[in-house]
Amino acid sequence: MSQGTTLVVSLFLPYTVHFHDDDLPPPRRPSPPPRTLTQVERKNSTVDVHQQQPASLFTGLSPTPPRTPAAADVPEFFTQVQPSAATHFPRPNDPQTLVRSDSHIPEWSGSGLFFNQPRSRAEPPPAGAKVETANASYAGRVGRRPSPRSRQNRTPRSQSKDPRWSSEWSVVPSPQGNGGLSNAIKAAIESKCLGDVFMIGLIGFPTDILDERKKEEIHEKLESEWDALTVFVSDKDFDGHYAHYCKIILWPVFHYQIPDHPKSKAYGDNSWEFYRNLNQAFANKIVKTYKRGDIIWVHDYHLLLVPGMIREKLPDAQIGFFLHAAFPSSEVFRCLAYRKELLMGMLGANLVAFQTHEYAHHFLQTCSRILSVEATEDGVQLDNHFVNVWSLPIGVYPKAMAEERAKPEVLEWIKTIQERYAGKRLIVARDKLDHIRGVRQKLLAYELFLNKFPEWKDKVVLIQVATSDQENSDLNDTVSEIVTRIESNHSTLTHHPLVFLKQDIAFSQYVALMSVADALMITSLREGMNLTCHEFILCQDGKASNKKHGPVILSEFTGSASIFEAQDLSVNPWDYKACANAIKIALEMGPEEKERRYMKMRNVVMTHTGAAWVKGLSTHLAKVYEEHFQRDMLSIPRLSFNPLKESYDRSQKRLFILDYEGTLTSYGSVKSTILVSPTKVIDALNELVADDKNLVYVMSGRTMDELEMIFGRVRGLGLIAENGCFVRLSKADEWTEFLTEAKIRRWKDSVRDILQYYVERVEGSSVEERNCSLIFHYYKTDEFDDSSSRQAGDCANHINDACVNQKVRAFPTKDSVIIEPTEFDKGTAAAHIMKHLKKEDRPDFLLIAGNDRDDEVIFRWAKSMSDSGEVKNVTSVSVGNRNTVAMTTLTQGTVGLVNVLSKLAKPATTT
């Protein structure tokens, strides 16, 4: 693998394997689970609401009305075309066919439905850990696990040899995985945004039954011919990871649904172990594959621990992480038992990216609250490094969509659908039938629309493609009742206002539907993005005679709603009346209004493409990685005394700004502060001040009185108190106050009440009040008890939310929460000092020394002085062990800095 290869890591590869053994029958399709409700009584007729057949049995292609629960005798209209095992699938670096952006695999379509593949051999959950969705093993993707009752009928492992898995095989396109990601990578490769790319992921079916030789064959073929690296994990680990921890715990929580299960601690612990095991397997594969200079991109919630695991082994690797799903608020995320482990796993990346600014903000708040770390708008400051946080929405592949729309089968379907629904207005939708996509809410809103606006009932048809989710039997039954009710109350012999397809359809039919629709309706209750609406917009721009420019009715809880600049018809899915009104508005909208809205949305879609997303992420990761490298303590040069001394001696005017705590002395309260070699420190400062060429300032977070008490013996010393809120100019007696007492009192009064709330709840805590700041001190009495630090994180978030408009910020440290103004800092204090210098006193030598987060602003100010040429010789030095923007470091710490100051103050020797 060449230098600079991009490793794209996601749960599934875009490829899988089909085994060739025509002599053996394919594995039987698992039957759907039994229904609790099989019939619905409606008026004088009984309608079977579960009479639809699985999509794979749909073979009719005649242009007749699709089946709905009340039209069981009508032949099928839409079909699902299964991928062929012989289908050619090009290499990643070749032009590729578009795949479905939002892959909805029917929940009952286990392994063997699409291809000839093994089934899972994973054991059932631990005893006493019964879970409602436990029979959802592999979530329909890789085969259903046998129930405990059928275990005695299973073939023993020693007798489970099957000639099918020893037969010839071929690589085929996989129906699993992240279609939006795959399309974006294809687009980026075609547009030259990416060079060499290797995909890393699972092969997509259970592999325990394969021998090592067969696994090696598959691995070698995919690596050599398809630029893909296969991760093999046990069936048990994947089953526990995906079907249990991801599907039952993470996915609901990330979408604001706290699961009622698992109800057993043993089950939860086991599922977490499976999740961790699979993440470790991915990390091990990446570490083994990695070459210096490679770029690692980890994708989505299935692999949250992987960045941190890689970082442990590859501390200098360039790692990005992108979450395709939504990220919840801290109130929801904190319900996870392993919340800290998940956050620290994500923070192993250099860049953590999200679909929207809202999700990034939630992540920053969650890190601050749960980890008690400082979170800024740009990212999270950990003990010794910074992690950038960013947002950039994913997009689609316009060129490939245009090619799909031009295919003969799509054009034929467009013609067929137009003929079948001539004179009707079509609203289309495609969603997975689960509790998150809002299908139930959509149907209820549509039913209300038909009831409220009867003039439309014979003119409009809602075509809802709802890929099945057999786990949610209650939801299935509820939706079936609504569908039946709509059919019973609003259908006639010649018109059915609802076409409910509980199946997926062929991609050609999907593109055709999007092309002829008059409106798209999406009512997700929470969704990271929604690329269906992007594809709809691309499909609506046909030839002059076929331009629809249909409106998009879009849930405000989707990521896409945040980028369309209010040109969609935004709705709250829970507000059925508003949704019904939005349908009416969409159907009655004039052509000018349609075109105006459409063109703005199309511009967004064409700008935020998949290729632009990949390029933006890659560019930003490279940028922050370089910044991290430059700020890393190992990358910053040590302070070299001799060149510094030479610059000092040559200069005519010099300015020193030196931090107090942690730089000139160790930390401690004012009453117990012990200066490092106090006589030497005071002497060094006095010697510097005594030189008329020197202006010397000490900066601190302490109050004016404290600094005057500590440095009263150094005449002519300038002071910066409370991190820049007060400045006493060199050789002056009066202090300059940058904040009025009234302004300070205004925010302090509100913050005191909040702090008192937490003082009462954290034993041993206290509040220290300074002129311009407040400090909440707490102490962790037990290393295993994080309640105090958790309360501190809550406190910081509480204050930041309450004081968002008062220019005040709270940030947690390891044993305190500091609340201080954001308008003034050490950097603004330094700028104030420079502003009040006479022209003849402007320095040509500048030395800044510090050690902590408060000093980073003045380090940046010093760099600006150097970059602008305003000061000729600029040196900034950090004596801490954290990442920094300072130009140099001093490994000897406070003692070393005092020695440097003493040597500088001594006259130059001559020979």
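Structure notes:
- Of the criteria (1) crowded, with 22+ Cβ neighbours inside 10 Å; (2) under 25 Å from Y275 (Cβ atoms), which one M344 fails: (1)
- Subset of the stretch 732-759 that is at pLDDT 90 or above and assigned to a loop (DSSP other than H, G, I, E, B) - its residue that is farthest from T828 (Cα to Cα): E734
- Tally, over the stretch 774-794, of residues that are at pLDDT 90 or above and crowded, with 21+ Cβ neighbours inside 10 Å: 2
- Yes/no for H496 being in contact (Cβ under 8 Å) with a residue 40 or more places away in the chain, more than 19 Å from V460 (Cα to Cα) and either in contact with a Ser or Thr (Cβ under 8 Å, 6 or more places away or on another chain) or not in a helix (DSSP H, G or I) (or both): no
- Complete set of residues in the stretch 857-880 that are of a type in the set (F, W, Y) and under 13 Å from F656 (Cα atoms): F859
- Check on R702, loosely packed, with under 15 Cβ neighbours inside 10 Å, charged (D, E, K, R) and either closer than 30 Å to S816 by Cα or modelled with pLDDT of 90 or more (or both): no
- From the options L688, L729, residue that is modelled with pLDDT of 90 or more and either of a type in the set (V, I, T) or surrounded by 21 or more Cβ atoms within 10 Å (Cβ to Cβ) (or both): L688
- In this structure, K161 does not qualify as at pLDDT below 80, under 26 Å from W272 (Cβ atoms) and surrounded by fewer than 20 Cβ atoms within 10 Å (Cβ to Cβ).
- The residue that is modelled with the lowest pLDDT, counting only those in the stretch 466-501 that are under 15 Å from R437 (Cα atoms) and hydroxyl-bearing (S, T, Y), is S468.
- Condition met for K903 (more than 44 Å from the chain's Cα centre (by Cα), surrounded by fewer than 18 Cβ atoms within 10 Å (Cβ to Cβ) and not aliphatic (A, V, I, L, M)): yes
- Scanning the stretch 256-275 for residues that are out of contact with any helix residue (DSSP H, G or I) (no Cβ under 9 Å at 6 or more places or on another chain) and either of a type in the set (D, E, K, R) or at pLDDT 80 or above (or both) returns D260, K263, K265, D269.
- A Cβ distance below 6 Å, combined with a sequence gap of six or more or placement on separate chains, defines the contacts here; from the stretch 558-570, residues that are in contact (Cβ under 8 Å) with a residue 12 or more places away in the chain reach residues that are of a type in the set (K, R) and surrounded by fewer than 21 Cβ atoms within 10 Å (Cβ to Cβ) in the pairs Q567/K600.
- The stretch 868-898: number of residues that are of a type outside the set (S, T, Y) and not in a loop (DSSP other than H, G, I, E, B): 8
- Failed criterion for D852 (all others in (1) under 22 Å from M887 (Cβ atoms); (2) surrounded by fewer than 17 Cβ atoms within 10 Å (Cβ to Cβ); (3) out of contact with any helix residue (DSSP H, G or I) (no Cβ under 9 Å at 6 or more places or on another chain) hold): (2)
- Among (1) of a type outside the set (S, T, N, Q); (2) under 37 Å from the mean Cα position of the chain (by Cα); (3) outside any loop (DSSP other than H, G, I, E, B) - the single one V762 does not satisfy: (3)
- Considering only residues in the stretch 328-356 that are among the charged types (D, E, K, R) and outside any loop (DSSP other than H, G, I, E, B), the one that is nearest to Q257 (Cα to Cα) turns out to be E331.
The values are calculated or read from the model by the stated rules, or taken from the named source; none is laboratory data. The structure presented is a predicted model; accordingly, all values stated were derived computationally and were not measured. Glycine also receives a Cβ, built like all others from the backbone with ideal geometry; neighbour counts cover every protein chain displayed.
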